[in-house]
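Notes follow once the structure below has been shown.
The values are calculated or read from the model by the stated rules, or taken from the named source; none is laboratory data. Just so we're clear, the structure is a prediction, and the values are computed from it rather than from any experiment. Cβ coordinates were reconstructed from backbone atoms using ideal geometry, including for glycine residues, and neighbour counts include every protein chain displayed. For the accessible areas, the whole protein counts, side chains as well, though only heavy atoms, and no ligand, DNA or RNA atoms are used. Shrake-Rupley method; radii C 1.70, N 1.55, O 1.52, S 1.80 Å.
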Amino acid sequence: ILSPLAGAITVAATFLIGQRLWRSEVGLIAAVLLLGSHYHLQYSRLGLTNIWDGLLALLALGLIGIAWQKGAEENGRFHWLLAGTAVGLNAYLFVGVHLMPLILAVLFGMTLIFQRDMLQKQWRHLLAGFLLALVIALPQILHYNNNPTVFMERFNALGIGEGQSGWLAQEAVRTGLSQATLLRQQIGNGLLSFTYGLDKSGSYRPERPLLGLGTAVLFTLGTIFALIRLRKFRYSLLLAWLIVPLTFGSILLLESPSSHRLVIATPALALLAAIGLVEVGNLVTGRQGSRETEEKDLPPAPRLPGSPALLPILLGIAMLIALMDMSFYFGPYRQQHTFADRNTEIAYMMAEYLN
């Protein structure tokens, strides 16, 4: 019951946050793509906690983005406290407690480089949110402090470096390739975790990339647009949210890509894909955001000016992509028995019958 609930809340929150930080059509298209994503559907139906990684990361980072925009207002600190609450709750999920601090560190570094003036204006609110997050996460922090080997145990067991699994050195001896060459290959494979690689986890294995073809193309375009606008906070946020899971959940670990480690990034994938589709529509129709909102790093007006037919077209494309993903998940994937093999299903049915 809780997994589908978390999946549904993630879709709704993606719409609301996409609408607040970008355009209303970005939020709507992202929600449609996430709702139909075969990757997100699988983890929304499993009795695992991984689906909560994406939800709490979305709430934490989305609220940080909103707080950044609202920081100059009288109630700016309230938004930062909400963001701090969501950040603190991430400490109680296995993936979140490991990756969220790194995402925030990368985001903070980008902000120091590109928006130091805005950071100086908001540092008091930011500090208040950080302290609240620290208080909420304190029991978990104390647990890891009392058990110092637990926090890095899985990363050390699965890491490719020396002092971890030693895979990089062993593979260099086995193949005759240099460690630098193998590392370049690992980086290339890791960066393609969503669009090319095949899942190696025991939780899904769809025997196809985690993003369908249509979503993968839009995601790639959206990532390019985000890189072009890296100086704007809401795009830095998405890129930090993407880079850290790919690096520490795929590139630096064995058996990559493993889908259960990357669920935390699923809302970011949908938002980037939606941005890609909307920006392509803007280029085709010649519609641009106002110079004032771009300079102030504010989202453009939520309404679609100029071309009333554009939103139905974009939404129709998103729905078609979502339906293709859903037809794969509930069709070929279910019939191939790649997740629950026939023997397990037959044993389960026999047990029910015998009972």
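Summarise the accessible area of the chain (1.4 Å probe, protein heavy atoms) by the percent that is carbon and sulfur. Please list the in-between numbers first.
Values: 11660 of 17810 Å².
Here it works out to 65 percent.
Tell me what the chain gives for mean residue ellipticity at 222 nm when only DSSP H runs of n ≥ 4 count, each as -39,500 (n - 2.57), the sum divided by the residue total, rounded to 500 deg cm²/dmol.
On the way: 17 runs with 247 residues, N = 355.
Computed mean residue ellipticity for the chain: -22500 deg cm²/dmol.
What accessible area per residue, rounded to a whole number of Å², is obtained for the range 129-261 using a probe radius of 1.4 Å? Write out the running numbers ahead of the final one.
Working: 6750 Å² over 133 residues.
Per residue, the range 129-261 has an accessible area of 51 Å².
For the range 1-153, with only Lys/Arg (+1) and Asp/Glu (-1) charged at the beta-carbon, what is the dipole magnitude about the Cα centre, in debye rounded to 20?
Details: 8 positive and 6 negative charges, 46 e Å.
The dipole magnitude comes to about 220 debye.
Of the options A180, H38, L239, report the single residue whose Cα projects farthest towards the positive end of the charge dipole of the chain (beta-carbon charges: Lys, Arg +1; Asp, Glu -1).
L239
Rounded to the nearest 10 Å², what accessible area does F78 have for a 1.4 Å probe in the complete protein model?
Accessible surface of F78 is approximately 120 Å².
Quick one: dipole size for the range 116-196, taken about the Cα centre, charges +1 on Lys/Arg Cβ and -1 on Asp/Glu Cβ, in debye to the nearest 20.
Working: 6 positive and 4 negative charges, 57 e Å.
My answer is approximately 280 debye.
On the first, second and third principal axes, largest extent first, how far apart are the outermost C-alpha atoms of the range 93-209 in Å?
54, 38, 31
What does the highest-first list of 140-150, 314-324, 253-263 look like by mean Cβ count within 10 Å?
Working: 140-150: 11.0, 314-324: 17.7, 253-263: 22.5.
Per-residue Cβ counts within 10 Å, averaged per peptide and sorted highest first, yield 253-263, 314-324, 140-150.
Please provide three numbers in whole Å: the alpha-carbon extents of the range 178-278 along the principal axes, with the largest listed first.
Over the range 178-278, Cα extents along the principal axes are 37, 30, 19 Å.
Binning at 10 Å from 0, report for the chain what percent of all alpha-carbon pair distances ends up in each bin.
Values per bin, smallest distances first: 5, 23, 31, 25, 12, 3, 0, 0.
Determine the relative contact order of the chain: mean sequence separation of Cα pairs under 8 Å and six or more apart, normalised by residue count, in whole percent.
Answer for the chain is 24 percent.
Sort the following peptides by mean Cβ neighbour count (other Cβ atoms within 10 Å, averaged over residues), highest first: 21-29, 219-227, 170-178. Don't skip to the answer; put the middle values down first.
Numbers: 21-29: 24.3, 219-227: 19.2, 170-178: 11.6.
In descending order of packing, they fall as 21-29, 219-227, 170-178.
Dipole of the range 100-222 (Lys/Arg Cβ +1, Asp/Glu Cβ -1, origin at the Cα centre): which of I141, G190, L112 lies farthest to the positive side?
Looking along the dipole axis, the top candidate is L112.
Under the definition of Cα pairs under 8 Å and six or more residues apart, what whole-number percent is the relative contact order of the range 111-186?
Numbers: 32 pairs, mean separation 8.0, N = 76.
In percent, rounded to a whole number, it is 10.
How far is the Cα center of the range 32-50 from the Cα center of the range 236-273, in Å?
15 Å
Along Cα→Cβ, 7 Å out, is where each label goes; now give me the distance between the ones at L230 and S327 in nm to one decimal.
3.9 nm
Mind checking the per residue accessible area of the range 41-104 for me, 1.4 Å probe, whole number of Å²? The partial results should precede the final answer.
On the way: 2400 Å² over 64 residues.
Using a 1.4 Å probe on heavy atoms only, each residue of the range 41-104 averages 38 Å².
To the nearest 20 Debye, how big is the dipole of the chain about its Cα centre, given +1 on the beta carbon of each Lys and Arg and -1 on that of each Asp and Glu? Walk me through the intermediate numbers first.
Working: 25 positive and 20 negative charges, 129 e Å.
Rounded to the nearest 20 debye, it is 620 debye.
Within the range 159-203, find all residues whose amide N lies under 15 Å from a label point positioned 7 Å from the Cα of F339 along Cα-to-beta-carbon.
199-203
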